[in-house]
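Remarks on the structure that follows.
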Amino acid sequence: MAQLELDSVTKRFGEGDGSILAVDDVNIDIADGEFLVLVGPSGCGKSTTLRMIAGLESITDGEIRLDGQRMNERGPAERDIAMVFQSYALYPHMTVRENMRFGLEESTDLDAAEMDDRVEHTADLLDITELLDRKPGALSGGQQQRVALGRAIVREPKAFLMDEPLSNLDAKLRSQMRTELQQLQADLDTTTVYVTHDQTEAMTMGDRIAILDAGELQQVATPLEAYHRPANRFVAGFIGEPSMNFIDCEVEGDALVAEGLRYPLADEAAAAVAESVTVTLGIRPEDIVVDVDGTPDGAPDGDGRDHTFLATVDVVEPMGDENVVHLSVEEGPGLIATVDGLRQIDAGTAITVTIPEDAIHVFDDASGEALHSRSLDDAELDDARV
Ligand code: ATP
């Protein structure tokens, strides 16, 4: 168990004009026993960050510390960190037992009986005891994945690093392994950094998630914080499926104005956008209220501000638990709303949509930074996850 600190960590591949800044001044403190998920689109620098922690890639600038000790100059074998790869990287000519034992032989001076004990205990933990004498070629993808995990766990390292370890599994197995891995990490209480491009994995597995874009850290937060209080437009769009709706607007006094839509703001939100000229209004699909029967009377809502608009349903995608409704505000923007799966809504229907004032986000166009976030009343996001 260990605290892991990334202090202004930077990675540049190559030199001069053609060089690539893959990781740009990243600062993250990962607590002892924490499960941190590094997430972001392809090429954002996730794997490079992980490989620098593992010692597989040199660090151009900054420092990586494990339990307060500088790791920069230490080789991978001297860091007491175990890595699990997407490809599993098992030795095909060795049995499962030998694969798991091999790492111990390389990195510890345990005697043979102690090694056997550890391998058997770990196999028991992962429910792969009956596979110990098989070779990787005779295992399913899910079983190979468990062996790869076992090989990391058996070493009892200070930290685990995992690079998209579930992405070769089919959807059902992936979701099952997600839960198992989370449980396992909680039981072992080993500091873990887990890389994925899949925001569902990030949301469901991490104690906290670190979102990267183009080598730059965008936000480090609990999953719910990132979802409900995204620091900027990038995080808002990346976390959540279907994605948050964005409407390009101009600020006109205390209202946001887009084609076919005028959105009056309450005092606090109006003050937050007062310095901006153009902004993006953000609203999550599940927060849009769709009304099939109601006819908007143009009357302002309770606070004297009208947030209801006439719209038409373009397409409905039934997902079972919910319907994803693609709609167009009259003469205005297209939006995506989600409604209960049992609600019958047909394409072509004239509807009204309400964009509730307490659920909106506003982002500055120039910087992308959040100027105003949805209200959460008394929600305690830090403690919301059990
Ligand atoms: P993916 O999800 O596709 O694996 P990633 O977020 O893990 O992406 P990295 O593999 O860390 O991204 O790559 C970050 C950037 O660094 C990319 O622009 C990539 O092309 C570049 N890069 C990575 N490795 C090297 C290398 N060895 N030499 C030059 N450029 C590299």
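The values are calculated or read from the model by the stated rules, or taken from the named source; none is laboratory data. Nothing here was measured: the structure is a model prediction, and the numbers come from that model. In this analysis, Cβ positions are derived from the backbone assuming ideal geometry, glycine residues included, and neighbour counts consider all displayed protein chains. Note: areas computed on protein heavy atoms with side chains; ligands, DNA, RNA excluded. Shrake-Rupley method; radii C 1.70, N 1.55, O 1.52, S 1.80 Å.
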Out of 185, 176, which single residue is open to solvent by less than 60 Å² (accessible area, probe 1.4 Å) and either out of contact with any strand residue (DSSP E or B) (no Cβ under 7 Å at 6 or more places or on another chain) or in a helix (DSSP H, G or I) (or both)?
185
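Take residue 196 and tell me if it is surrounded by fewer than 17 Cβ atoms within 10 Å (Cβ to Cβ) and under 21 Å from residue 47 (Cβ atoms).
Considered against the rule, which asks whether it is surrounded by fewer than 17 Cβ atoms within 10 Å (Cβ to Cβ) and under 21 Å from residue 47 (Cβ atoms), residue 196 comes out as no.
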Listed by first then second residue, the pairs whose first member lies in the range 226-243 and is among the polar types (S, T, N, Q), whose partner is open to solvent by less than 10 Å² (accessible area, probe 1.4 Å) and at pLDDT 95 or above, with beta carbons under 9 Å and at least 6 positions apart or on separate chains, are 232/363; 243/236; 243/284; 243/285
I'd like to check which strands (runs of 3 or more DSSP E) are fully inside the range 16-127 and have at least 3 residues that are within 16 Å of the ligand (Cβ to nearest atom).
20-30, 35-39, 61-66
I'd like the full set of residues that are in a strand (DSSP E or B) and either more than 8 Å from the chain's Cα centre (by Cα) or not assigned by TED's automatic domain parsing to the domain that holds residue 84 (or both), limited to the range 192-214.
192, 193, 194, 195, 208, 212, 213
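With the structure loaded, tell me whether residue 268 is part of a loop (DSSP other than H, G, I, E, B) and charged (D, E, K, R) or whether it fails that test.
In short, no.
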Being over 22 Å from residue 176 (Cβ atoms) and either open to solvent by less than 30 Å² (accessible area, probe 1.4 Å) or without any contact (Cβ under 8 Å) to a residue 12 or more places away in the chain (or both) narrows 110, 149, 139, 131 down to just 110
Scan the range 41-67 and report the pairs whose first residue is surrounded by fewer than 18 Cβ atoms within 10 Å (Cβ to Cβ) and whose second residue is part of a loop (DSSP other than H, G, I, E, B) and among the aromatic types (Phe, Trp, Tyr), with Cβ atoms within less than 6 Å and a gap of 6+ or a chain change.
none
So residue 358, is it open to solvent by 70 Å² or more (accessible area, probe 1.4 Å), under 22 Å from residue 229 (Cβ atoms) and not β-branched (Val, Ile, Thr):
yes
